[in-house]
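Beneath this line is the structure, given in structure tokens, with notes to follow.
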Amino acid sequence: MSTGYYTHPSFLMHEMGHFHPECPERLQAIEDHLISHGMDGLLDRREAPAATDAQIERVHRPEYVASLVAMSPATGYHPIDPDTLMNPHTLTAARHAAGAAVAATDAVIAGELENAFCCARPPGHHAEPDRAMGFCFFDNVAIAARHALTAHGLSRVAIVDFDVHHGNGTEAAFRDDPQVLMCSFFQHPFYPYSGTEHFAPNMSNIPLPAYSNGLAVREVVETIWLPRLNEFKPEMLFISAGFDAHREDDLGQMGLVEQDYAWITQQLVDVARAHAKGRIVSCLEGGYNLSALARSVFAHLKVLVET
């Protein structure tokens, strides 16, 4: 079996203004790097469908989805918050980003793919059940995880988030849900200034100070994440794959490099092999230095392809 790679033309049409860091050029940088380094031909490329309202509303409230439809502009931009804006193509892109994660889940569970990466935007892990924020509109990973539980009848899934920012939307979607284990590290104190209060037993979210490097992160993975994951025995793993903890990324102040992302990915592959028939769906979150993002995604995908 192969590694799926889900994308869609609408991802390049959503943009939030000149010089916004969450820009279409992020995906173009990834694509260029994969092609120039010979990875492109090793991936099973698939076009992402749009998620249905029913799939999205397993995580997000119907009135919130309706509000995004109402706010979608015919021209120009509609601001959600100072950093998060809609253009006329945003809602379509967000539906396809969520749909990528759902379709990847279906294909991996069906055995068509060993694992999959959703090269999608807008990202998702800050989107709460009733609020868009932090560049995010729909929580793609949360929608996929809930789909695996509801549509496919899985009993236990794990979500691992290695973005530099806490995945507040994902935590809000699954706090106290015994079917879901969430493991993450994140820079703290830092946007969205959450993840350190109201601890839930199914959350293993570890705050780290600015300038933490790969050695500190590997210690968290080895001593906290892996014991929790192996005890939980997930039937499928989902990854919120943010690469903005890279030392070259100006939107965070952590010190990871490509080899750290490859190492983390290998640990998750080993957990998936032990408990989940190798089943992994990974979704792009942050990563805003174009060169570092492209190199890090390549390192992440190289491990997934070689499983």
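Coordinate-derived values only; no laboratory data. Predicted model only: the values in this text are computed from it and were never measured. For neighbour counting, all protein chains shown are included, and Cβ atoms are generated from backbone atoms with ideal geometry for every residue, glycine included.
More than 34 angstrom separation, counting every C-alpha pair in the range 2-305; what % is that? Result for the distance tail: 11 percent.
Near Phe117, the amide H atoms lying under 5 Å from its own belong to Gly4, Tyr5, Tyr6, Ser282; only residues 5 or more places off or on other chains count, and H is placed 1.01 Å from N. Around the Cα centre of the range 143-294, unit charges on the Cβ atoms of Lys, Arg, Asp and Glu (plus for the first two, minus for the last two) sum to a dipole of about 600 debye. Distance distribution P(r), the range 13-107, all Cα-Cα pairs, bin width 10 angstrom from 0: 14, 37, 34, 14, 1 percent. Taking amide H as placed 1.01 Å from N in the peptide plane, Phe243 has its amide H under 5 Å from the amide H of Glu285, Gly286, Gly287, each at least 5 places away in sequence or on another chain. The phi-based Karplus calculation (6.51 cos²θ - 1.76 cosθ + 1.60; θ = phi - 60°) puts the 3J(HN,Hα) values of the range 61-72 at 5, x, 5, 5, 4, 4, 5, 5, 4, 5, 7, 4 Hz, whole numbers, x for Gly and Pro.
Segment Arg45..Thr307, full-extension length gain: 92.6 nm, with 0.36 nm per residue of separation and the alpha-carbon distance subtracted. The packing ranking, built from the mean of other Cβ atoms within 10 Å per residue, places the peptides 158-170, 76-88 in the order 158-170, 76-88, highest first.
In order along the range 267-274, the phi-based Karplus estimate (6.51 cos²θ - 1.76 cosθ + 1.60, θ = phi - 60°) of 3J(HN,Hα) comes to 4, 6, 4, 5, 5, 5, 5, 6 Hz; Gly and Pro are listed as x. Taken as Cα centroids, the range 176-220 and the range 115-132 sit 18 Å apart, rounded to the nearest whole angstrom. Normalised by 2.2 N^0.38 Å, with N the number of residues, the alpha-carbon radius of gyration of the range 227-307 equals 1.12.
Amide H contacts of Phe186 (H built 1.01 Å from N, in plane; Pro and chain starts excluded): Ile206, Leu208 sit under 5 Å, all sequence-distant by 5 or more or on other chains. Evaluating 6.51 cos²θ - 1.76 cosθ + 1.60 at θ = phi - 60° for every residue in the range 242-252, the Karplus couplings come out as x, 10, 8, 7, 5, 5, 8, 8, 7, 7, x Hz, glycine and proline recorded as x. Applying a DSSP loop filter and a limit of 16 other Cβ atoms within 10 Å to the GluC sites (Glu not before Pro) in the range 104-210 leaves Glu112, Glu197.
Dividing the mean sequence gap of close Cα pairs (under 8 Å, 6+ apart) by how many residues the chain holds gives a relative contact order of 20 percent. Relative to one another, the C-alpha centroids of the range 229-307 and the range 27-64 are positioned 16 Å apart.
What you get for the range 2-305, charging only the Cβ of Lys and Arg (+1) and of Asp and Glu (-1), is a dipole of about 600 debye around the Cα centre.
Computed from point charges on the beta carbon alone (+1 for Lys and Arg, -1 for Asp and Glu), the dipole magnitude for the range 40-149 about its Cα centre is near 120 Debye.
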